[in-house]
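Asks: Below you will find the structure I want to go over with you.
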Amino acid sequence: MIGRLVPIILFVLLGLLLAVGLKIADHKTEIPSPLIGKKIPEFSLPALGQADVSITNEDLIGQPFLINVWASWCPTCRIEHPYVEELAASGRLRVIGLNYRDEEEDALAWLEYFGDPYALNMADVSGRTAIDFGVYAAPESFLVDADGYILFKQIGMLTPEIIEKEILPRIQPAGSGQP
Amino acid sequence: MISSQLKIFMAVVTVVLMVPAFAAGEPLIFTDPEKEARYQQLTVELRCLVCQNQNLADSDAPLAQDLRREIYDMMQAGRTDDEIKQFLIDRYGDFVLYKPPVKSNTLVLWLMPAVLLFGGALVVIIVVRKRGLNPGGQEEESS
């Protein structure tokens, strides 16, 4: 009698395993960043359009900010652009641009056409600094606290929902609904 | 006559075999063949993060090119394979390795083949023993 139940039990267990596997597979293309909870990497990059001005990691620290990795060749960056502008215009969070593997001319034309929400824009032409950030595609965004620690990473485009639910709650002062 | 056909055949085979050598895209020159072999080995073991089912050696994605260049530079600077892998893990996580390390969250992955093999063997032993003890068992059931 019990012998007959064994295949059924095994089948149920296999079903559970596959269900769990499918649930994990939903997120499998999104690689969790090992950088969360760590300090932003050290870098020194020229400001976009001002090759003689250099911006370092130390320059950014002091208040929370969002590093938005973008490029003029990136179609998804266009889609998220209005949301980035909205966030920057709201004054709730400083948005720093990391222009990734782009041509300066194209990047500046892109900003002129679509609008420039960035408090600062750094040009990473070689993509070397992006490697230190663990960037593997644009757009990506990193939420960084006032001390320079990475709180959250968004792979792919920002949406109003992600900004409201994942980004802004993380920088609100303690006691105002922070998880 | 045959030898000239053979020569042409050999030439074609040689060209075909050379293609993978060019696939990497950018000319990274190694003076030390041992280093070159290490480079080839490393880039095959590491995953391209943009096209995730390709390794770094095969991928033409810009990031894969950047990472190959980075690996090349680190090798020229005398860094070991483990240091280079750690460099990438620090930035991209274990996912960059095709062969995941043994950790608490990958234990199931590593132990499962052994568990399945052992379990299978156990089932076989039980079945064989049953039959050995009761040779007429199957007939009994059908009658």
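Asks: Can you give the Rg and Dmax of the protein assembly as shown based on its C-alpha atoms, in angstrom?
Replies: Looking at the protein assembly as shown, its Cα Rg and Dmax stand at 27.3, 94 Å.
Asks: Okay, next question. Quick one: A:33, B:4, fewest Cβ neighbours within 10 Å first, how do they rank?
Replies: Result, fewest neighbours first: B:4, A:33.
Asks: Per DSSP helix of 4 or more residues, -39500 (n - 2.57); summed, then divided by the residues of the protein assembly as shown. What does that give at 222 nm, rounded to the nearest 500?
Replies: -15500 deg cm²/dmol
Asks: Oh, and also: Considering chain A as a Gaussian network with a 10 Å cut-off on Cα pairs, which listed residue, A:97, A:62, A:134, attains the greatest mean-square fluctuation?
Replies: Sorting by GNM fluctuation, first place goes to A:62.
Asks: Then there is this: With the Cα gyration tensor of the stretch A:32-171 in hand, give its eigenvalues times 5 under a square root as the equivalent ellipsoid semi-axes, listed largest first in whole angstrom. Spell out each step's value before the answer.
Replies: Numbers: eigenvalues 80, 64, 40 Å².
Values for the stretch A:32-171, descending: 20, 18, 14 Å.
Asks: So in chain A, what percent of DSSP beta bridges are antiparallel if you round to the nearest 5?
Replies: Just about 60 percent of them are antiparallel.
Asks: Which value, in debye to the nearest 20, describes the size of the charge dipole of the stretch A:1-92 about its Cα centre when Lys and Arg Cβ atoms bear +1, Asp and Glu Cβ atoms bear -1, and nothing else is charged? Show your work: numbers first, answer last.
Replies: Details: 7 positive and 9 negative charges, 146 e Å.
For the stretch A:1-92, the charge dipole is close to 700 debye.
Asks: With the radius of gyration and the Kirkwood radius both derived from the Cα set of the stretch B:2-101, what is their ratio Rg to Rh?
Replies: For the stretch B:2-101, the value is 1.09.
Asks: I've got another one for you. Residues in the stretch A:87-104, backbone N under 12 Å from the label point at residue A:59 (7 Å along the Cα-to-beta-carbon vector): list them, ranges by number please.
Replies: Answer for the stretch A:87-104: A:97.
Asks: Charges only on Cβ, +1 for Lys and Arg, -1 for Asp and Glu: so what's the dipole of the protein assembly as shown about the Cα centre, in debye to the nearest 20?
Replies: 1760 debye
Asks: Taking +1 at the Cβ of each Lys and Arg and -1 at the Cβ of each Asp and Glu, which of A:36, A:108, A:127 sits farthest along the dipole of chain A towards its positive end, judged by Cα position relative to the Cα centre?
Replies: A:36
Asks: Report the dimensions of the stretch A:1-92 along its three principal axes from the alpha-carbon atoms, largest first, rounded to Å.
Replies: Extents along the principal axes: 81, 29, 27 Å.
Asks: Would you mind checking the tilt of helix A:104-114 against the longest principal axis of the Cα atoms of chain A, expressed as 0 to 90 degrees and rounded to 10?
Replies: Helix A:104-114 and the main axis of chain A meet at about 80 degrees.
Asks: Under 25 Å Cα-Cα from residue B:103, which lysines qualify once same-chain neighbours fewer than 8 residues away are excluded?
Replies: List returned: A:23, A:28, A:38, A:39, A:153, B:85.
Taken together, the values in this text are just the output of simple stated rules run on the coordinates, not laboratory data. Everything numeric here is computed off the predicted structure, so don't read it as measured data. Ideal geometry is used to build each Cβ from the backbone, glycine not excepted, and the neighbour counts take in all protein chains shown.
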